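Colleague: I'd like to ask some things about the structure below.
The values are calculated or read from the model by the stated rules, or taken from the named source; none is laboratory data. Remember, it's a predicted structure, so these values are computed and weren't measured experimentally. Note that we place each Cβ from the backbone using ideal geometry, even for glycine, and neighbour counts take in every protein chain shown. Just so you know, the surface numbers come from the protein's heavy atoms only, side chains and all, with ligands and any DNA or RNA stripped out. Shrake-Rupley method; radii C 1.70, N 1.55, O 1.52, S 1.80 Å.
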Amino acid sequence: MANVHELKYLKEKIEELKESGVYRKLPVLEGANEAEVILDGKKVINLSSNNYLGFSNHPRLKRAAIEAVEKYGAGAGAVRTIVGNMSIHEELEELLAEFKREEAVFIYQSGFNCNAGTIQAITEAGDLILSDELNHASIIDGTRLSKADKMIYKHSDLDHLEQLLKENRDKYRNVLIITDGVFSMDGDIAKLPEIVELAEKYEAMTYVDDAHGSGVLGESGRGTVDHFGLHGRVDFTIGTLSKAIGVIGGYVAGSKTMYEWLNHRARPVLFSTSLPPAAVGAIVEAIRMLMESTEYTDRLWENAKYFKEKLGTLGFNTGNSETPITPVIIGDEAKTMEFSRKLLENGVFVSGIVFPTVPRGTGRVRCMVTAAHTKEQLDRAVDVFEKVGKEMKILG
Ligand SMILES: *Cc1c(COP(=O)(O)O)cnc(C)c1O
């Protein structure tokens, strides 16, 4: 039967995507991810990457990657538990633990992988997971892999979280509260001091996914826990090495006990090959740079403030962001996508984000300012926002 190979059921679904107007091709970048890029053959200002510190094409990281390749080769050759645990992996974990001011750090091949592997390893049947409704997809998937019961609390709603704790704490052995440190669509920061207090009151554990806080918040990018001075009071802090750090990978920071357990039970570490030496070499260099100087995070915040103020002065609604993530809220879905398209035609790449990624009627373009943008580039981007905003009557 040849018919079975036609994947007719998928073709039908793809047609549905086209009919509802959400079918798309992936944009193609010609060259490195920088403040200005060649995208689909056109030079544009890039306000869409998570490369917060401009590290992804930094000469020091590239040199470190090449040196690591020369010493350790192109690939690790095995999972860490067999013979893929190189001294460079151990060096990275020790350096990250020092940087994060935690007892230990356990690395994964990505932030996604870290959530997929950690949550199921630290919970089991008879436990309860309480998760913020706006948590990242990898937390949702990681939670699905756990045998624990799950409940969702309203976004950053401490009253709702407390109600769930009050009603359920006694029914479970362990309770784990999971939150993003920085929420990626609005740029708001989790109310971590209050969450930690509630957790301690009800003897629950806390798990903070700080993918957008790593390299951004806290002293020289040490993250949301450092920002609030909560060291020793958050049990599991996830970081990514793929965003501000500019390479690829994820990790969980916490206690030595956590490290020992994950090293025996984290499935992505047992069943998937470890990070390649080039990536690890570059990451080690990036962390050293952050430990040497706050110049990178200082420049990031300075640029973000500059850009946000200019857009606000023009009259754009930049929402409740407390971080360099700068949403420009348009509202209507179709209008948001048209705004994004027109910005691109005028040389600024900012992706439009609409339902179901954000609630209906809150469509926005999400601007990611980085340390690598020059003031001149930011000014040019603001001029384009003003021009298109007036053309589309978003601005008065
Ligand atoms: C981006 C992101 C991840 C995934 O990180 P990768 O290293 O890109 O896999 C996980 N959690 C959150 C909150 C994120 O924003």
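Colleague: If you go through segment 237-280 one residue at a time, how many are in contact with a Ser or Thr (Cβ under 8 Å, 6 or more places away or on another chain), within 16 Å of the ligand (Cβ to nearest atom) and among the small types (Gly, Ala, Ser)?
Modeller: 8
Colleague: When residues of segment 184-208 are filtered for being open to solvent by 10 Å² or more (accessible area, probe 1.4 Å) and not in a helix (DSSP H, G or I), how many remain?
Modeller: Residues in segment 184-208 being open to solvent by 10 Å² or more (accessible area, probe 1.4 Å) and not in a helix (DSSP H, G or I): 10 in total.
Colleague: OK, next. So which of Gly187, Gly181, Gly213, Gly218 ends up being free of Cβ contacts under 8 Å to residues at least 24 places away in the same chain, within 22 Å of the chain's Cα centre (by Cα) and closer than 25 Å to Cys367 by Cα?
Modeller: Gly218
Colleague: Sort through His89, His160, His58 and tell me the only one that's more than 16 Å from the ligand (Cβ to nearest atom) and under 21 Å from Leu270 (Cβ atoms).
Modeller: On inspection, the qualifying residue turns out to be His89.
Colleague: Identify all residues within segment 237-261 that are surrounded by fewer than 24 Cβ atoms within 10 Å (Cβ to Cβ) and either out of contact with any Leu (no Cβ under 9 Å at 6 or more places or on another chain) or at pLDDT below 95 (or both); write none if there are none.
Modeller: Result: Ser242, Ser255, Lys256, Thr257, Met258, Tyr259, Glu260, Trp261.
Colleague: Can you spot a residue in segment 169-180 that is outside any strand (DSSP E or B), out of contact with any Asp or Glu (no Cβ under 7 Å at 6 or more places or on another chain) and surrounded by 18 or more Cβ atoms within 10 Å (Cβ to Cβ)?
Modeller: No, every residue in segment 169-180 fails to be outside any strand (DSSP E or B), out of contact with any Asp or Glu (no Cβ under 7 Å at 6 or more places or on another chain) and surrounded by 18 or more Cβ atoms within 10 Å (Cβ to Cβ).
Colleague: Assigned to a helix (DSSP H, G or I), more than 16 Å from the ligand (Cβ to nearest atom) and open to solvent by 10 Å² or more (accessible area, probe 1.4 Å) - does that describe any residue in segment 113-123?
Modeller: The answer is yes; a qualifying residue exists.
Colleague: Here's something else I'd like to know. Go through (1) more than 24 Å from Ala211 (Cα to Cα); (2) open to solvent by 20 Å² or more (accessible area, probe 1.4 Å); (3) in contact (Cβ under 8 Å) with a residue 12 or more places away in the chain for Leu134 and report which single condition fails.
Modeller: Unmet for Leu134, out of (1) more than 24 Å from Ala211 (Cα to Cα); (2) open to solvent by 20 Å² or more (accessible area, probe 1.4 Å); (3) in contact (Cβ under 8 Å) with a residue 12 or more places away in the chain: (1).
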